[in-house]
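Student: If you scroll down you'll find the structure; I have some questions about it.
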Amino acid sequence: MIITIGRQFGSGGKEIGEKVAQRLGYAFYDKEILTMAAEENGFSPSAMQHYDEKPTGSLIYSLYMTGAATGDSLPLNQQLAFAQFNVIRKVAQADNCVIMGRCADYVLREKKNLLTVFLHAPADYRAEKVMAEQSIDSRTLAEKSVKKHDKARADYYNFFTHKKWGDSSSYMLSIDVSTLPADVIADAIAHFAQLLQDN
């Protein structure tokens, strides 16, 4: 079973994803995907971090997708994205796991035993969470950070998948994390995964 978790910024997605993985005894992948992609492709880890989930529209990308251009012709951020997608396929093939973001639901869309999840919450809830977790005193700055990161994730997802990030029809489960504690949400996701596996 593979569980992919998309998440709005400030939703506590990583914490919930780690809890799901712990409950099920699954491997957990978030930033680890970046490290593995960098090691396998000779990219700088700092470049992977800088371009993580940041798209750039490109005619060359369109040519690449139709086979008219090579991978080396792509802008660096797109080469890095495809390197991550290859790692996602490899780890999904190797073992049961939870994978955070990075279009994993789309990359693995043909895979059986796949549970796709999207975590969201009202903007004010997420701004408060960001203020607490990152020690930001200004609510305005926290709100700007939430909007900035959400836009980057949406642009990245929409660009590479040609779908709409956060659209409930793209996921099996869409959960408002402000409604229940993280432990309860993790329990619910883990239980749903087990039900899928058993049926």
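Student: Which length gain, in nm to one decimal place, applies between HIS162 and ALA94 when the Cα-Cα distance is subtracted from 0.36 nm times their residue separation?
Tutor: Net length gain for the segment: 21.8 nm.
Student: If you don't mind, another one. Residue-wise, which Karplus ³J(HN,Hα) couplings in Hz belong to the range 110-124, taking 6.51 cos²θ - 1.76 cosθ + 1.60, θ = phi - 60°, and x for glycine or proline?
Tutor: 8, 7, 7, 6, 10, 10, 9, 10, 10, 10, 9, 6, x, 4, 5
Student: Please compute the length gained on full extension between THR35 and ASP198, using 0.36 nm multiplied by the number of residues separating them and subtracting their Cα-Cα distance.
Tutor: 55.3 nm
Student: Run the numbers for GLU110 and ILE136: contour at 0.36 nm per residue of separation, minus the present Cα-Cα distance, in nm.
Tutor: 5.2 nm
Student: Between the range 123-150 and the range 18-36, what's the alpha-carbon centroid distance in Å?
Tutor: Rounded to whole Å, the Cα centres lie 25 Å apart.
No value in this document is a laboratory result; all are computed from the given coordinates. These numbers were taken from a predicted model, which means no experiment stands behind them.
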